[in-house]
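Participant: Submitted below is the structure of interest, expressed as structure tokens.
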Amino acid sequence: MKVKAIIFVMLFFAISMPIIAQENWGVLGHSVSEEGLIDAPSIWWKLEDGVLTIKGKGDMPKFQNPTAVTASVSVSVSNVSAPSVGVSPTISSLPIVPWHSKLSSITSVLIEDSITNIGDGVFYGCKNLTSITIPPSVTNIGAWAFGRCGNLTSITIPEKVFFIGISAFQSCKKLEVVEMKRPVPPIIGNTIFGLTPIKEAKLIVPAGTKATYATSNVWKDFGIIEESTVSASGEWLPEGQLNSHITWRIENDTLFINGKGVMPNIADGLYAFWYFYRDYFTSVVIGNGITKIGRNSFTLHKNIHSIIIAESVTSIESRAFLGCSGLTSITIPKSVTNIDDIAFAGCKNLRIVEIKSEIPPIRIASFIMISKKAKLIVPVGAKSAYEADKYWSQFGTIEER
């Protein structure tokens, strides 16, 4: 009987420990399963003695800005990659921050490491906020995130932050110092410092980057731009999520795209986030598990010289590699059955296209505006099938290998 009692007590404490660990903490966000379902709590918050602490892992959700209805950004970026890009949701579609009734009691904010995104409107209207600690794990600062924080005097923005949403620091009228750890100015939305007197403020940037910031939109408007004595650590190159199942990162001159499922299509005239860092990679590796390369994924990426496509890919959508003039060769795996209209149009230096499928993939003018010098390499025994195809037969030379 005693043994059973002991086991019961042990089980009780084992089950209760996660709950006890979060005692007095409110839930701010949940993780999402591969099926897109809301999973276990992943982010918590607590307000104590004026200090709002946020801990956990992943992205904070978006919240209302009581004065904003819709907004757009000044740069052409795909809304696939940026939570605050394009037309923002109406305020009625977003929740109110759980500490809304206590905004005036918040004097400092501590965001613990492993939080990756500061959500839209999350600290909007914290009028007595004077200090904020942002961890190095953060990569995005959402729209209106610190809007109307009227007593905020300084902020340090970590090296990995590569996007700051619209009006993120609007009406921070006592802001005196902004320190940037990133050697390249982040992508920014409209009126990031609207009604904030940055002409009277100081911008501190990493050693050797003053000239870059001094010629960049908005950042050049600071009254004083100074270099710190510390250089960037080299960890600033971006990474992020394309959707809930696909991630991307830039490392060693290569853009890696990994995950499972379909890369989203990007509207014409817009770009994926990595477009703004196209000078920092020359190769693309699309990992196993990706099934479709989305429309406009790599449009006008002129510095791409090589692309590796996983055998899980079945479709290459329209304009996927439009204008990739640095590309000289590509191998298309056997799994690809569809290559959409102008997918490789304007790849004027493309000389070798190797297709691994014995059956010609469906192709609608995919390779227009490429040189007649381009060679098509097909599997042994498949040459006649490609020569008989209306589009594949347009290659200058077709060889079997």
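Just so you know, all these numbers are worked out from the coordinates, no wet-lab data involved. Since the structure is predicted, the reported quantities are computational estimates derived from the model, not experimental observations. With ideal geometry, Cβ positions are generated from the backbone for all residues, glycine too; neighbour counts draw on all protein chains shown.
Participant: Between region 337-398 and region 271-334, how far is it from one alpha carbon centroid to the other, in angstrom?
Facilitator: Centre-to-centre (Cα) distance: 17 Å.
Participant: Now for a separate question. State the extension gain, in nm to one decimal, for the chain segment bounded by LYS260 and SER393, taking 0.36 nm per residue of separation less the distance between their alpha-carbons.
Facilitator: Working: separation 133, 0.36 × 133 = 47.88 nm, distance 3.36 nm.
Between LYS260 and SER393, full extension yields an extra 44.5 nm.
Participant: So, one more: Cα extents of region 146-227 along the three principal axes, largest first, in whole Å?
Facilitator: Principal extents (largest minus smallest coordinate, Cα): 32, 22, 19 Å.
Participant: Taking the number of other C-beta atoms within 10 Å as the exposure measure, put TRP45, TRP144 in order starting with the fewest.
Facilitator: Lowest to highest Cβ neighbour count: TRP45, TRP144.
Participant: Take the Cα pairs of region 284-401, get the Kirkwood Rh, then feed it into Stokes-Einstein at 37 °C and 0.692 mPa s and tell me D in µm²/s.
Facilitator: It diffuses with D of about 238 µm²/s by this estimate.
Participant: Return the lysines within reach of LYS348: Cα separation strictly under 28 angstrom, same-chain partners fewer than 8 residues apart disregarded; answer none if there are no such residues.
Facilitator: Leaving aside lysines fewer than 8 places away in the same chain, those within reach of LYS348 are LYS292, LYS302, LYS334, LYS356, LYS372, LYS373, LYS375, LYS383, LYS390.
Participant: Another question about this same structure. Once both labels are modelled 7 Å past Cα along the beta-carbon direction, what's the SER244-ILE362 spacing in nm?
Facilitator: Those two pseudo-labels are separated by 2.8 nm.
Participant: A further question on this structure: Please work out how much length the chain gains when fully extended from LYS210 to SER114, using 0.36 nm per residue of separation minus the C-alpha to C-alpha distance, in nm with one decimal. List each step's numbers first, then the result.
Facilitator: Working: separation 96, 0.36 × 96 = 34.56 nm, distance 2.94 nm.
Here the segment from LYS210 to SER114 would lengthen by 31.6 nm.
Participant: How far is it, in nm, from the label point at SER154 to the one at SER104 when both lie 7 Å from their Cα along the line to the Cβ?
Facilitator: Result for the modelled spin labels: 2.8 nm.
Participant: Computed FRET efficiency, Cβ-Cβ of LYS375 and ILE96, R0 45 Å: what is it to the nearest 0.05? Mind dumping the intermediate values first?
Facilitator: Working: r = 61 Å, r/R0 = 1.35.
The pair LYS375/ILE96 has a calculated efficiency of 0.15.
Participant: For a quick check: with amide H placed at 1.01 Å from N, whose amide H comes under 5 Å from ILE225's, ignoring anything fewer than 5 positions away on the same chain?
Facilitator: LEU203
Participant: Moving on to the next point. For the residue pair ASN349 and THR291, what label-to-label distance in nm results when each label sits 7 Å from Cα along the Cα-to-beta-carbon direction?
Facilitator: 3.5
Participant: Residue separation times 0.36 nm, minus the C-alpha to C-alpha distance between GLU226 and LYS334: what's the value?
Facilitator: On the way: separation 108, 0.36 × 108 = 38.88 nm, distance 5.46 nm.
Going from the current span to full extension adds 33.4 nm.
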